[in-house]
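Input: a single structure, listed below in structure tokens.
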Amino acid sequence: MIEIKNKKDCCGCYACYNICPKECITMESDNEGFWYPKIDKDKCINCNLCEKVCPIINPVKRANSKKIAYAGINKDDQIRVKSSSGGIFSILAEYIIKNNGIIYGASFDENFNIKHKRILCNTDLDLLRGSKYVQSSIGDIYKQVKSDLESNRQVLFTGTPCQVEGLRSYLRKEYVNLITMDFICHGVPSPLVWKKYLEEMKKSKQENIKNIYFRNKDIGWKVFSLKIIFDEKIYINNLSKDLFMKGFLQDVYLRPSCYSCKFKKINRVSDITVADFWGIENILPKMDDDKGTSLIVIHSEKGEQLFDKLSETMILNEVNLNEAIKYNPSMIKSVKYNEKRNSFFAELNSVKALTDLIRKYTKISFEKRAKNKIKSIIKRLVR
Ligand SMILES: Cc1cc2nc3c(=O)[nH]c(=O)nc-3n(C[C@H](O)[C@H](O)[C@H](O)COP(=O)(O)OP(=O)(O)OC[C@H]3O[C@@H](n4cnc5c(N)ncnc54)[C@H](O)[C@@H]3O)c2cc1C
Ligand code: SF4
Ligand code: SF4
Ligand code: SF4
């Protein structure tokens, strides 16, 4: 039976919850808003399936990834503008739907919590399109994926690397009709911080939220603009000004497992990995129009075959993977633990204004600012 001794050893993937034959596992949120399995010991029959499928205890192995890397852009500009990077997810998803397949990915629920969802048609793809920078809850989605696979439907499952590995571990066998797509993952912020942030936003605007875009591109792709549409008003701010994004990217409130992530690696169990192509202006300047370019890494035969069929719909250039990930180290390396994290969460539940708390914990000291300035001057001189 699974027992979490250290929170960093659970990525919250829900594989144990989905496999338990006695349904005696519930996923419960802790005081930071991250969910962990809780077992009803009276119902447990000690079958140990939960431990067997846990991707942290028993990582899924892929001997050798193909490691073919591309810079890619979806030729459909309207779709690309609605996507976080180059719109590659939509190309894969539309193809699978055209072939009567099913797509799984992260969407907002009616209260803007993030949950995985099963999608059957192109119009509903809008729900999955675009990054949501908060941990997405899987619920019983792995069971639904398995049932679709066993009914011989083609399935595209998309999620964080740990969710893809959680699914593969839960399934415990290869399915020819399953394609998985993960991404380079910085880490996932706390759903509780997100909930509090939205409550504060609604209070300050005195209106309800109609829609949210984490990566609005009105003023460019590289600036990470968060856009919130209220009944009448619109909020838009880039990553240097929006406090939720600032706290996320300064690693103040990521899940504990994200600081020592076991899923950041080259040999992934997914078929395809996608990401923002950071550094595209240096590697392939002609593919940088600040509307979003994707880095695409193909790991498997299946991924390669699918990709070859779709290459006509993209502007594509093969690149050197090692060079590309120099600009995107999250492919292989976890972020450093933020020493202020514990104090932040100690204050979170008693604080009146979340934004004041984030401001306090994202303030960069004079010494650090000076250091950053010197670093950027040296970088410019070296170039
Ligand atoms: C939490 C998070 C951290 C990321 N960190 C990095 C990073 O460090 N470096 C980098 O280059 N790229 C990162 N990305 C990936 C990047 O933001 C794009 O999502 C990716 O490049 C795909 O873009 P696209 O244009 O092809 O499609 P889009 O339409 O933008 O992709 C949407 C896809 O992402 C999935 N998705 C969205 N939100 C979530 C979520 N919360 N949990 C699981 N799946 C989700 C959807 O299911 C859908 O499949 C991150 C994404 C997320 C969600
Ligand atoms: S040991 Fe078996 S019955 Fe007990 S919690 Fe794990 S999966 Fe469920
Ligand atoms: S299977 Fe996933 S949710 Fe369950 S303990 Fe392991 S990492 Fe945590
Ligand atoms: S950083 Fe690792 S543990 Fe955290 S969400 Fe991403 S893949 Fe999962």
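The values are calculated or read from the model by the stated rules, or taken from the named source; none is laboratory data. Just so it is clear, the structure is predicted and the values come from calculations on it, not from any experiment. Neighbour counts run over all protein chains shown; Cβ positions are idealised from the backbone, glycine included. The accessibility values were calculated without ligands, DNA or RNA, using every heavy atom of the protein model including side chains. Shrake-Rupley method; radii C 1.70, N 1.55, O 1.52, S 1.80 Å.
The table for this structure:
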quantity	calculated
The one condition in (1) within 12 Å of ligand 1 (Cβ to nearest atom); (2) out of contact with any helix residue (DSSP H, G or I) (no Cβ under 7 Å at 6 or more places or on another chain) that Cys44 fails to fulfil	(1)
Sole exception among (1) of a type in the set (Ser, Thr, Tyr); (2) part of a loop (DSSP other than H, G, I, E, B); (3) farther than 30 Å from Val155 by Cα for Tyr197, by number	(2)
Candidate set from the stretch 104-120 (those that are open to solvent by 50 Å² or more (accessible area, probe 1.4 Å) and out of contact with any Ser or Thr (no Cβ under 9 Å at 6 or more places or on another chain)); member that is nearest to ligand 1 (Cβ to nearest atom)	Arg118
Positions within the stretch 232-244 being surrounded by 22 or more Cβ atoms within 10 Å (Cβ to Cβ) and touching a Phe, Trp or Tyr at 6+ places or on another chain (Cβ under 7 Å), in sequence order	Phe244
Any pair with Cβ under 9 angstrom, 6 or more apart, that starts in the stretch 123-137 at a residue that is in contact (Cβ under 8 Å) with a residue 12 or more places away in the chain and ends at one that is among the small types (Gly, Ala, Ser) and in a helix (DSSP H, G or I)	Leu125/Ser90; Leu125/Ala93; Leu128/Ser90; Leu128/Ala93; Arg129/Ser90; Arg129/Ala93
Matching residues, the stretch 43-65, being open to solvent by less than 80 Å² (accessible area, probe 1.4 Å) and over 16 Å from Tyr17 (Cα atoms)	Pro59, Val60, Arg62, Ser65
Identity of the residue in the stretch 264-287, acidic (Asp, Glu) and within 23 Å of the chain's Cα centre (by Cα), that ends up surrounded by the fewest Cβ atoms within 10 Å (Cβ to Cβ)	Asp276
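Yes/no matrix, rows are residues, columns are (1) under 30 Å from Gly220 (Cα atoms); (2) open to solvent by less than 50 Å² (accessible area, probe 1.4 Å):
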| residue | (1), (2) |
| --- | --- |
| Ile296 | yes, yes |
| Lys302 | no, no |
| Leu310 | yes, yes |
| Asn317 | yes, yes |
| Pro329 | yes, no |
| Val335 | yes, yes |
| Ala346 | no, no |
| Leu354 | yes, yes |
